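To keep things clear, I will list the structure first and then write my remarks on it.
The values are calculated or read from the model by the stated rules, or taken from the named source; none is laboratory data. Everything quoted here is computed from the prediction, not taken from an experiment. Glycine also receives a Cβ, built like all others from the backbone with ideal geometry; neighbour counts cover every protein chain displayed.
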Amino acid sequence: MDCVDLRIVGNKADFSDEQVRTLSVHAYDIWEHAAFFKPTIKGLKEATADCSIAAGTTRRMGQKRKSWGMTPEQFAQNVRSTETGLVGVVFGNERTGLTDEELDCCSLSIFLQANASPLSTFRMPSS
(Lines give C-alpha, C1' and ligand atoms only; values in the text may rest on other atoms or scores of the structure.)
Protein backbone atom coordinates (compact mmCIF):
# COMPACT_ATOMS: atom_id res chain seq x y z
CA MET A 1 0.00 0.00 0.00
CA ASP A 2 3.07 2.22 -0.11
CA CYS A 3 2.63 3.35 3.50
CA VAL A 4 5.95 3.55 5.26
CA ASP A 5 5.39 5.99 8.13
CA LEU A 6 3.42 4.32 10.91
CA ARG A 7 2.49 6.39 13.94
CA ILE A 8 0.72 4.72 16.83
CA VAL A 9 -1.07 6.61 19.55
CA GLY A 10 -0.61 4.00 22.23
CA ASN A 11 2.00 2.14 24.23
CA LYS A 12 4.32 -0.27 22.42
CA ALA A 13 4.28 -2.53 25.47
CA ASP A 14 0.54 -3.16 24.87
CA PHE A 15 1.34 -5.04 21.64
CA SER A 16 2.73 -8.53 21.20
CA ASP A 17 5.83 -8.23 19.04
CA GLU A 18 5.52 -11.89 18.06
CA GLN A 19 1.90 -11.47 16.96
CA VAL A 20 2.74 -8.31 15.01
CA ARG A 21 5.58 -10.16 13.25
CA THR A 22 3.20 -13.00 12.32
CA LEU A 23 0.39 -10.76 11.05
CA SER A 24 2.51 -8.15 9.27
CA VAL A 25 3.94 -10.63 6.75
CA HIS A 26 6.42 -8.49 4.73
CA ALA A 27 5.77 -5.20 6.54
CA TYR A 28 7.45 -5.93 9.86
CA ASP A 29 10.10 -3.29 9.16
CA ILE A 30 7.33 -0.66 9.22
CA TRP A 31 6.43 -1.79 12.75
CA GLU A 32 10.10 -1.73 13.79
CA HIS A 33 10.36 1.93 12.73
CA ALA A 34 6.93 3.00 14.05
CA ALA A 35 6.75 6.15 16.18
CA PHE A 36 4.71 5.91 19.37
CA PHE A 37 2.77 8.75 21.00
CA LYS A 38 1.01 8.91 24.34
CA PRO A 39 -2.51 7.41 24.17
CA THR A 40 -4.19 10.77 24.73
CA ILE A 41 -5.80 13.49 22.64
CA LYS A 42 -2.56 15.44 23.03
CA GLY A 43 -0.66 12.42 21.69
CA LEU A 44 -2.99 12.23 18.67
CA LYS A 45 -2.47 15.93 17.99
CA GLU A 46 1.31 15.46 18.21
CA ALA A 47 1.17 12.44 15.89
CA THR A 48 -0.69 14.44 13.21
CA ALA A 49 0.90 17.87 13.79
CA ASP A 50 2.95 17.81 10.57
CA CYS A 51 0.11 16.50 8.40
CA SER A 52 -1.58 18.95 6.06
CA ILE A 53 -4.58 16.59 6.08
CA ALA A 54 -5.49 14.20 8.87
CA ALA A 55 -8.45 12.10 7.78
CA GLY A 56 -10.31 10.26 10.51
CA THR A 57 -12.11 7.07 9.57
CA THR A 58 -15.66 6.41 10.72
CA ARG A 59 -18.49 4.01 9.96
CA ARG A 60 -21.09 6.52 11.16
CA MET A 61 -22.33 9.68 9.52
CA GLY A 62 -24.14 12.51 11.26
CA GLN A 63 -23.72 15.85 12.93
CA LYS A 64 -21.03 14.68 15.36
CA ARG A 65 -18.99 12.92 12.66
CA LYS A 66 -17.52 16.09 11.05
CA SER A 67 -19.45 18.60 8.98
CA TRP A 68 -18.61 16.66 5.84
CA GLY A 69 -17.09 13.39 4.92
CA MET A 70 -16.22 11.40 1.86
CA THR A 71 -15.90 7.86 0.64
CA PRO A 72 -12.46 6.26 0.43
CA GLU A 73 -12.62 6.64 -3.36
CA GLN A 74 -13.43 10.36 -3.12
CA PHE A 75 -10.64 10.84 -0.60
CA ALA A 76 -8.08 9.07 -2.81
CA GLN A 77 -9.15 11.09 -5.85
CA ASN A 78 -8.99 14.42 -3.98
CA VAL A 79 -5.59 13.68 -2.46
CA ARG A 80 -4.21 12.59 -5.84
CA SER A 81 -5.53 15.68 -7.63
CA THR A 82 -4.22 18.27 -5.17
CA GLU A 83 -0.75 19.13 -4.06
CA THR A 84 -0.92 18.54 -0.36
CA GLY A 85 1.80 17.98 2.14
CA LEU A 86 1.88 14.92 4.33
CA VAL A 87 -1.47 13.10 4.49
CA GLY A 88 -2.42 11.01 7.49
CA VAL A 89 -5.25 8.53 7.85
CA VAL A 90 -6.36 8.02 11.45
CA PHE A 91 -7.93 4.71 12.46
CA GLY A 92 -9.53 3.95 15.80
CA ASN A 93 -9.40 0.60 17.48
CA GLU A 94 -11.23 -2.25 15.79
CA ARG A 95 -13.96 -2.56 18.43
CA THR A 96 -15.04 1.06 18.93
CA GLY A 97 -13.39 3.15 16.22
CA LEU A 98 -12.58 6.82 16.85
CA THR A 99 -14.32 8.77 19.56
CA ASP A 100 -15.96 12.11 18.75
CA GLU A 101 -13.08 13.86 20.51
CA GLU A 102 -10.49 11.97 18.44
CA LEU A 103 -12.38 12.69 15.22
CA ASP A 104 -12.45 16.39 16.16
CA CYS A 105 -8.64 16.34 15.89
CA CYS A 106 -8.94 15.41 12.20
CA SER A 107 -9.40 17.70 9.19
CA LEU A 108 -12.09 15.56 7.59
CA SER A 109 -13.71 12.17 7.82
CA ILE A 110 -13.67 9.15 5.56
CA PHE A 111 -16.84 7.09 5.70
CA LEU A 112 -16.04 3.37 5.82
CA GLN A 113 -19.13 1.25 5.37
CA ALA A 114 -18.84 -1.42 8.05
CA ASN A 115 -20.98 -4.04 6.36
CA ALA A 116 -19.62 -3.65 2.83
CA SER A 117 -18.25 -6.63 0.99
CA PRO A 118 -14.90 -6.15 -0.76
CA LEU A 119 -16.76 -5.70 -4.06
CA SER A 120 -19.28 -3.17 -2.73
CA THR A 121 -19.26 0.42 -3.81
CA PHE A 122 -19.42 3.10 -1.16
CA ARG A 123 -22.30 5.54 -1.24
CA MET A 124 -22.71 8.59 0.95
CA PRO A 125 -26.05 8.58 2.79
CA SER A 126 -28.35 11.40 1.76
CA SER A 127 -28.83 14.20 4.29
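Taking region 3-61 only, how many residues are farther than 26 Å from GLN113 by Cα and of a type in the set (D, E, K, R)? Result for region 3-61: 11.
Listed by first and then second residue, the pairs linking a residue in region 17-37 that is closer than 21 Å to THR48 by Cα to a residue that is assigned to a loop (DSSP other than H, G, I, E, B), with Cβ atoms under 6 Å apart and 6 or more places separating them unless they lie on different chains, are ILE30/LEU6; ALA34/LEU6.
Residue pairs whose Cβ atoms lie under 8 Å apart, sitting 6 or more positions apart in sequence or on different chains, and linking a residue in region 82-93 that is farther than 11 Å from SER52 by Cα to a partner that is part of a loop (DSSP other than H, G, I, E, B) and modelled with pLDDT of 85 or more, are VAL90/THR48; VAL90/LEU98; VAL90/CYS105; VAL90/CYS106; PHE91/LEU98; GLY92/LEU98; GLY92/THR99.
Could you list all residues from region 3-17 that are under 13 Å from PHE37 (Cα atoms) and β-branched (Val, Ile, Thr)? The answer is ILE8, VAL9.
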